[in-house]
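The values are calculated or read from the model by the stated rules, or taken from the named source; none is laboratory data. None of these values were measured; they are calculated from a predicted model. Cβ: placed from backbone, ideal geometry, glycine included. Neighbour counts: every protein chain shown. SASA here: full protein model, heavy atoms, side chains in, ligands and nucleic acids out. Shrake-Rupley method; radii C 1.70, N 1.55, O 1.52, S 1.80 Å.
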Amino acid sequence: RCERIYSNRGEKVQPGRSVPAFKLNLLFDREMKLSRTTRMKIGIPRVLNMFENFPFWNTLLTESGMETTLSSPSHNALYEKGAGYIMSENLCYPAKLVSGHIIDLAEREVDRIFFPMVFYEKSNYEDAANCYNCPVVSGYADVVRSVINPAARYGIPLDMPAVNLDDQALLRKVCMQYLKSLGVEKKIAKEAFEKALKAQEQYKDAVQAEAAELIARAALEGRTLVLLLGRPYHIDPAINHKIPEILAGYGVDVITEDSIPQRSPQNLDNRNVMTQWEYVNRYYHAARWAAQHHNIAVMQLNSFGCGPDPFVLDEVRTILSEYGKHLTVIRIDEIESPGSTRLRLRSMMESIRLKTGRKEPEFQPRPQVRVFRPEDRERTIILPDFSAFCSPPLVRPFIDMGYRIVALPPADRASVNTGLKYVNNEICYPGIITIGDLIKALRSGEYDPARTAIAFSQTGGQCRASSYPSMIKKALIASGFADVPVVTFSTNLQTLNEQPGFEFDVMDYMKKAAIGVMYTDSLSEMYHSTAVREKNKGDAWRTADLFLSRLMSGEIQLEQKSLLQSLDEAVTEFNAIEVEDKDYPKVGLVGEIYVKYNAFSNNYAADWLMKHGIEVVLPTFIEFFAGGIVGVQNKVRTFIQRHNLQWLLTYYGDLLISRNLEKFGDVLHRFRRRRPHQNIHEIARKAKEIISLNHQYGEGWLIAGEIASFVHSGVENVLCLQPFGCIANHIVAKGVQNSMLAEYPQLNLLFLDADAGVSEVNYFNRMHFFINRAKTGFSS
């Protein structure tokens, strides 16, 4: 802490003004109790999205007759108070603070704690793909319920309604429903809601007005402004380590990403990345605005462990570079010493001083990847391997539609090394593998870039995997393959990528893919049940590969009758394989969809388990798609999505899946070790006992549902596989571990992270301990 004695602050200057400090005071310095009779005291944690929406929630509750109590301002002792309840070591610091704030409220003896799950933030941009919050901001309330459980531990209910702030009608319904549960009369609730909307609008207007004054002064006097990009919670002094205060001390004014002038209508004008998170969308808009002004420097606060930031940082840098400007990034976590930060800030200020007087920036557009147009339909389309059982039913329908599709061979270490070279190394492992695999294939010389395109899936959901295609395009440019177009396919009825030449019948594709998945799910079940028991090693795989090859070659028609006939033949073949007639301990595999099914990414976990005498049980692939159907229906039921065509089609999809599953099940019943399967709605019912069904990023609630289903079917050993740093995993897997173990105390549950730098010794040591317990329980 040498700055206590020696200072690198420079010459004494007139301090500038700080919009972050202005926002912080304006946000929480408000009436917490009105004159009418107080019904109860409701605690609100001073965390995450409360730094955005507190004026609304506080007004809604106080105007309804509640007294609101904020948790204490963040500080190190508060963090340490909740440190024992942090379930993921690589979680971002703003989320790590939450537990301490909840405990602080409980110690204040509030009657209830209010911590809503805001899945959709209010959107500011008409052309944004979506306005999600990140999974941590959306779902951390469920982690609190699992690890602290204020109701059981302190007798204080935790209120965590699911909220869509972007749809006022749906928001009204949720608020009316919640206030009614607290005994608030309908008339009072309506008035409180209107006042809450007005309070939020007044707060936003005041922030805009404060920044507008500073921007005008800077233009008039030639002053330097610093645009500090951050999430709303980055105005917390404990999180930002007083960086705005330090900057203001250097004599510059500091503004924020949400305080810059807005256009009407407001547009992002950005098709280079998935504009799916509202807080992040503000970065893109603000960066483009600041890049056009020579007197505005841009700095971004980056929390260690932030999921979206690996590609957000890249995109903000690229936007600024189009105007010849640079980005300063300050990485922050719970370390308090500001010495190195002060040095970075002084360096940035000196750089600004040297550039004073420059002319306005000139725009130089970035290179772009070729767009897939009608004339490109004859190109060979390559896509990365998913898994032996999952890839065929996803690829085959496109082949039937006339596209030349080539699924690449399984990835290897060269794929990883290539990926690490061309993508931000902090993106999740599946992205590194698949993008590296595609670039490796193009560099091999096997594919003519002028006659090749790339295909990739893109869901458009809250998970950062929806941004992989953007990263692929940047990797293509960096590796010299900008002439190779990228196409994406999605089943959410949205066009998420510019690809006028790539057309297909979504409904026909979904129908064919669904029955194809049911077919390969059946092959997978028979293979994994047989492989561990086979007397002649390789018989099970040769049989599975025979039928998978017939599917890909077109020998088997992609329609129900042909698939059922082929499955009947496959059952006969698997039943004929000579096996040891004995039972083995069973281990269920769950987790992130790619790492769960892709053998290379999970260190061939299934093969390793079978080699050590464990029968591997995998959830069916169709459950993932059926889970999406349940998810949409639940969103409508809980007022965070409107009735629309997608919602209506879920009932068609539900009927299609259930009817076909019944027919495939009838054939598979002839298999001698047929395992009973549960309906997706039964899986969802079990998941709901552990976690909200509104968590639909990554595998969402499905992980908890599949674990519960395994236990109910006698599979009490479960291995959960996730990419290291997976933001969804913080919530829907590790985050609710306590709840799962409380519900199923007999559960032997192991979480394993997959990563490019994972230690195989540590990985398999943990597996050994896991299967030793599984075998002990089996023998007893």
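For this structure, a couple of remarks:
- Charged side chains reduced to their Cβ positions (Lys and Arg at +1, Asp and Glu at -1) give the range 28-169 a dipole of some 540 debye around its Cα centre.
- Label zone at M40 (point 7 Å along Cα-to-Cβ), backbone N below 16 Å, the range 123-164: 150-161
- Dipole-positive endmost among I399, V371, S347 within the range 286-413 (Cβ charges, Cα centre): S347
- Near G698, once Lys and Arg are set to +1 and Asp and Glu to -1 for all other residues with Cβ below 11 Å from its Cβ, the sum equals 0.
- Summing charges over all other residues whose Cβ lies under 9 Å from the Cβ of A733, with Lys and Arg as +1 and Asp and Glu as -1, gives -1.
- For the range 511-554, trypsin sites (Lys or Arg not before Pro) are listed when DSSP marks them as loop and at most 11 other Cβ atoms sit within 10 Å of their Cβ; the list is K535, K537.
- Exceeding the 27 Å Cα-Cα cut-off - candidates K473/K512; K122/K511; K586/K688; K512/K611; K635/K734; K23/K180: K473/K512; K122/K511; K512/K611; K23/K180
- Our estimate of slack between Y652 and D583, defined as 0.36 nm per intervening residue step minus the Cα-Cα distance, is 20.9 nm.
- Solvent-accessible surface of the range 450-601, taken per residue with a 1.4 Å probe and all protein chains present: 38 Å².
- Charge dipole (Cα centre; +1 on Lys/Arg Cβ, -1 on Asp/Glu Cβ; no other charges) of the chain amounts to roughly 1280 debye.
- Fully extending the segment from F764 to E503, taken as 0.36 nm per residue of separation minus the present Cα-Cα distance, adds 89.5 nm.
- Here the chain exposes an accessible surface that is 50 percent carbon and sulfur, computed with a 1.4 Å probe and the other protein chains kept in place.
- Selection of trypsin sites (Lys or Arg not before Pro), the range 232-341, meeting DSSP coil and at most 14 other Cβ within 10 Å: R263, R271
- Cα centre as origin, Lys/Arg/Asp/Glu Cβ charges: the range 492-646 dipole, Debye: 560
- ³J(HN,Hα), Karplus 6.51/-1.76/1.60, whole Hz, each residue of the range 740-755, x for Gly, Pro: 5, 6, 5, 6, 10, x, 7, 6, 9, 10, 10, 9, 10, 9, 9, 7
- Rounded to 10°, Cα long-axis angle of helix 98-107 versus longest principal axis of the chain: 70
- Here is the list for the range 672-780: trypsin sites (Lys or Arg not before Pro) lying in DSSP coil, each with at most 16 other C-beta atoms within 10 angstrom of its C-beta, are R672, R673, R674.
- Gained length - A576 relative to A152, 0.36 nm times residue gap less alpha-carbon distance: 147.2 nm
- Degrees separating the helix 186-221 axis from the principal Cα axis of the chain, which is the longest one: 70
- Long-range amide H partners of N694 with built H, under 5 Å: none
- Summed over the residues of the range 244-299 and divided among them, the accessible surface reaches 28 Å² per residue at a probe radius of 1.4 Å.
- Backbone amide hydrogens, once placed in the peptide plane, bring Q300 within less than 5 Å of L229, T328, V329, I330, excluding anything fewer than 5 places away on its chain.
- Taking each DSSP H run with n ≥ 4 as -39500 (n - 2.57) and averaging over every residue of the chain yields -15000 deg cm²/dmol at 222 nm.
- Since only H294, G230, P261 are under comparison, the one whose Cα sits farthest along the positive direction of the charge dipole of the range 210-297, derived from C-beta charges on Lys, Arg, Asp and Glu, is H294.
- Between helix 560-576 and the chain there is an angle of about 70 degrees, using the helix long axis and the longest principal axis of the Cα atoms.
- Considering only N49, S72, G155, the residue lying farthest towards the positive end of the dipole of the range 8-162 is S72, judged by Cα position with unit charges set on Cβ.
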